[in-house]
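S.K.: Before we start, here is the structure in question, set down as structure tokens.
Nothing in this text is a laboratory measurement; each read-out follows from the coordinates by a stated rule. All of these numbers come straight from a predicted model, not from anything done at the bench. Counting neighbours? That spans all protein chains shown, and the Cβs are built from the backbone with ideal geometry, glycine included.
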Amino acid sequence: MDKNQIGQLKQTFDQIVHYTDSNIEYWLARELMTCLGYAQWRNFENAITNAMTACEKCGVSCADHFVEVSKMIEIGKGGQRTVTDYMLTRYACYLIAQNGDPRKEEIAFAQSYFAVQTRKQELIEERIAFIERSNARERLKESEKRLSQNIYERGVDDAGFGRIRSKGDEALFGGNSTGAMKQRLGVRENRPLADFLPSLTIAAKNLATEMTNYNVEQKDLYGESPITDEHVQNNTTIRQMLGERGIKPEELPPAEDIKKVERRVKVQEKKLAESSGCLKGEDNDG
């Protein structure tokens, strides 16, 4: 997601914020629904219900953050009818976004927008960058898990998997093994290299691993040697593609330890419910 997209989404979400007489921020569910890309109220109401469940599991009172209200809407021929709506604190909106589909740009943006206490765009951008890196890291974990299962079924043990992965890293990082890259980036031996790689490199490793998974299955490769050759070739191909754009993976600076960032984010999330205020007893002032 680029800065222009983030700026446009920020403007859209800023336009629907409301304030109570006590100056507590809140959003109306039916307005938020559109911004999050939902077309039908019943689907969005399910997301609200899931968010309320998550709220209770965190030991937080739903009544403080989700307030059911009624509103009148226009229907055909000048008529009106009453529908259910909700006043939602920042924390409630965050929980709704957390229960949404992160592949949707609106949801990915909202997860950051509502988590950040100030609506400064640079802080939202920073949070989105973490989410994208975290998602890329999870995809790499899944593809490597699948590769491990694939090669185990084809006569390769855990030690062989480690050798295959390291040979792939050598091909991707211009002759630098996994251990060499850890030394280069200052990563402790007992930590995964990928936890310190930038999003681009994580995505590159994931693509090469997915290619290896595909060809191991399609070609029915068996044994460490042919699977190693396949993985090396795929990582070499990815390196060449990056090189055509002037990118050398081994020269990219390390990213902050993803585990450290995750811990910091969890601390921020714990503070979010308290800092969002309480809507219980507040009137909807529009």
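S.K.: Within straight cross-link reach of residue 167, meaning Cα distance under 21 Å, which lysines are found once same-chain residues fewer than 8 apart are removed?
M.R.: 141, 145, 182, 205, 219, 248
S.K.: Could you tell me the distance between the Cα centroids of the range 9-56 and the range 154-206, to the nearest Å?
M.R.: 42 Å
S.K.: Right, here's the next one. Quick check on the exposure proxy: order 70, 112, 225 from fewest to most C-beta atoms within 10 angstrom.
M.R.: By the 10 Å Cβ count, ascending, the order reads 70, 225, 112.
S.K.: Calculate for the chain the 222 nm mean residue ellipticity that helices alone would give, adding -39,500 (n - 2.57) per DSSP H run of length 4 or more and normalising by residue count, nearest 500 deg cm²/dmol. The partial results should precede the final answer.
M.R.: Numbers: 11 runs with 169 residues, N = 286.
When only DSSP H runs of four or more count, the value is -19500 deg cm²/dmol.
S.K.: Right, next: For a quick check, take a GNM of the chain with Cα springs below 10 Å and name the residue from 270, 141, 57 with the largest mean-square fluctuation.
M.R.: In this elastic network of the chain, the residue with the biggest mean-square fluctuation among 270, 141, 57 is 57.
S.K.: What number, in percent, do you get for the relative contact order of the range 84-198 if the mean sequence gap of Cα pairs under 8 Å and at least 6 apart is divided by its residue count?
M.R.: Relative CO of the range 84-198 lands at 13 percent.
S.K.: State, to one decimal in nm, how far the label point of residue 75 lies from the label point of residue 129, with both points 7 Å from Cα in the Cβ direction.
M.R.: 5.1 nm
S.K.: While we're looking at this one, here's another question. Given N residues in the range 84-211, what is Rg(Cα) / (2.2 N^0.38 Å)?
M.R.: 1.35
S.K.: Sequence neighbours fewer than 8 away in the same chain don't count; with that in mind, list the lysines whose C-alpha is under 18 Å from residue 57.
M.R.: In chain and number order, the partners are 266, 270, 271.
S.K.: D for the chain, whole µm²/s, Stokes-Einstein with Kirkwood Rh over alpha-carbon pairs at 37 °C and 0.692 mPa s: what number?
M.R.: Details: Rh = 21.7 Å.
Rounded, D is 151 µm²/s.
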